[in-house]
Amino acid sequence: MFKALTQVPRVLPPFAARRRASSAATRGRTLADQVAVITGSTKGIGFSIARRLAQDGAHVVISSRKQQNVDQAVAELRKEGLSVTGTVCHVGKTEDQHKLVATALEHCGAVDFLVCVAGVNPMVGSTLGSSEQVWDKVLNVNVKAPALLLSQLLPYMEKREGSSVILVSSAGVYSPHAMLGVYNVSKTALLGLTKTLAAELAPKNIRVNCLMPGVIETDFSQLFEGPNLWNHIKVFYGVQRLGRPEDCAGIVSFLCSPDASYITGESIVVAGFSPRL
Ligand code: NAP
């Protein structure tokens, strides 16, 4: 499986040809011969995105802070016959960002997609009661890191045709929870980053879009409300269930695919209800 990663063709067919192909013979392998780098992808939403993009034919570079988690995630997906490799990358650490870029290039020779999933919320409490350390950590990991990582990958992504970036924000930004203020500010900033980068990178044919999950059943959402999560929120819900990581993965796959080639600067809510006009 590892071998497959080293065999990515350096020269791909033109985007238009790939687009035609994806509508017929290769449907289901819409991302064949393309390379995806995904942060925060050893469990939860990121892991599900990694599995889906690999199932769709992409070579996927998995990453997160802990080596053990990376090893486990890579082993699980390789067992499924998927083409993945992995490296440790704490997105807030510059040296780890370099390592992630180097790993992608070493194993795949190119990068088509960057999916920034890693996000932190170290504190549940009032916005104005948050310390400077909390502000720095949240803004550093959730907002600065995706931009800095992308700036390192840009020279490689712009050489490809039809590259795409997906930032993971939160549907919560439309109805902020008072106790998640700093986190919420960071996720709102990602909408600004999406719009700004979409305009900046459109001339390079790189699209930038944003995924806005509602409450998705992962360890991250349990931290906030605990096992009674559903009782707290079901009154708001149209679709009477919590979200699943796979609900997010399909949207990311679509945003990477040629079918989304005319969509940029957009945000898509995956929440079982619509919080906006
Ligand atoms: P999760 O299940 O807790 O998974 C988090 C993943 O990110 C793990 O692979 C973790 O692995 C990694 N990670 C954490 N901090 C990292 C860092 N600094 N650098 C790199 N990797 C890091 O969380 P999730 O629910 O899938 O959430 C993923 C994203 O979705 C977050 O940005 C979150 O804000 C957003 N989101 C989630 C929900 C929800 O309801 N779940 C709703 C809205 C938005 P390691 O521990 O090995 O680093």
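The values are calculated or read from the model by the stated rules, or taken from the named source; none is laboratory data. Just so we're clear, the structure is a prediction, and the values are computed from it rather than from any experiment. Glycine also receives a Cβ, built like all others from the backbone with ideal geometry; neighbour counts cover every protein chain displayed.
Among the residues of segment 70-77, is any more than 9 Å from the ligand (Cβ to nearest atom), in contact with a helix residue (DSSP H, G or I) (Cβ under 8 Å, 6 or more places away or on another chain) and modelled with pLDDT of 95 or more? Yes, that holds for at least one residue. Out of the residues in segment 42-51 that are small (Gly, Ala, Ser) and within 6 Å of the ligand (Cβ to nearest atom), state the one that is farthest from Ile62 (Cα to Cα). Of everything passing the filter in segment 42-51, Gly44 is farthest from Ile62 (Cα to Cα).
Against the criterion of being away from the ligand (no atom under 13 Å from the Cβ), among the polar types (S, T, N, Q) and either more than 25 Å from Glu106 (Cα to Cα) or out of contact with any helix residue (DSSP H, G or I) (no Cβ under 7 Å at 6 or more places or on another chain) (or both), Thr196 qualifies. In segment 91-133, which residues are in contact with a Ser or Thr (Cβ under 8 Å, 6 or more places away or on another chain) and part of a loop (DSSP other than H, G, I, E, B)? Result: Val91, Val111, Asp112, Val117, Ala118, Gly119, Met123.
Yes or no, residue by residue, for (1) crowded, with 20+ Cβ neighbours inside 10 Å; (2) at pLDDT below 95; (3) hydrophobic (A, V, I, L, M, F, W, C):
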{"site": "Phe15", "(1), (2), (3)": "no, yes, yes"}
{"site": "Ile62", "(1), (2), (3)": "yes, no, yes"}
{"site": "Thr85", "(1), (2), (3)": "yes, no, no"}
{"site": "Asp112", "(1), (2), (3)": "yes, no, no"}
{"site": "Cys116", "(1), (2), (3)": "yes, no, yes"}
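Among the residues here, Lys187 does not qualify as out of contact with any helix residue (DSSP H, G or I) (no Cβ under 9 Å at 6 or more places or on another chain), surrounded by 16 or more Cβ atoms within 10 Å (Cβ to Cβ) and modelled with pLDDT of 95 or more. Here Asn231 fits the description: among the polar types (S, T, N, Q) and on the phi < 0 side of the Ramachandran plot.
Among the residues of segment 52-65, those identified as farther than 12 Å from Val115 by Cα and more than 13 Å from the ligand (Cβ to nearest atom) are Arg52, Ala54, Gln55, Asp56, Gly57, Ala58, His59. Selection within segment 64-83: residues that are buried (at least 16 other Cβ atoms within 10 Å of the Cβ) and among the basic types (Lys, Arg). The member of this set that is nearest to the chain's Cα centre (by Cα) is Arg65.
Note on segment 161-172: residues that are modelled with pLDDT of 95 or more and farther than 19 Å from Ala249 by Cα total 0.
Among what's in segment 121-160 and is basic (Lys, Arg) and within 15 Å of the ligand (Cβ to nearest atom), pick the residue that is surrounded by the fewest Cβ atoms within 10 Å (Cβ to Cβ). Out of the qualifying residues, it is Lys144.
Please go through segment 23-50 and give me each residue that is in a strand (DSSP E or B) and closer than 16 Å to Cys89 by Cα, ordered by number. The answer is Ala36, Val37, Ile38, Thr39.
The single condition among (1) touching a residue at least 24 places away in the same chain (Cβ under 8 Å); (2) not in a helix (DSSP H, G or I) that Pro176 does not meet is (1). Across segment 51-89, the number of residues qualifying as in contact (Cβ under 8 Å) with a residue 40 or more places away in the chain and either not hydroxyl-bearing (Ser, Thr, Tyr) or not in a strand (DSSP E or B) (or both) comes to 14.
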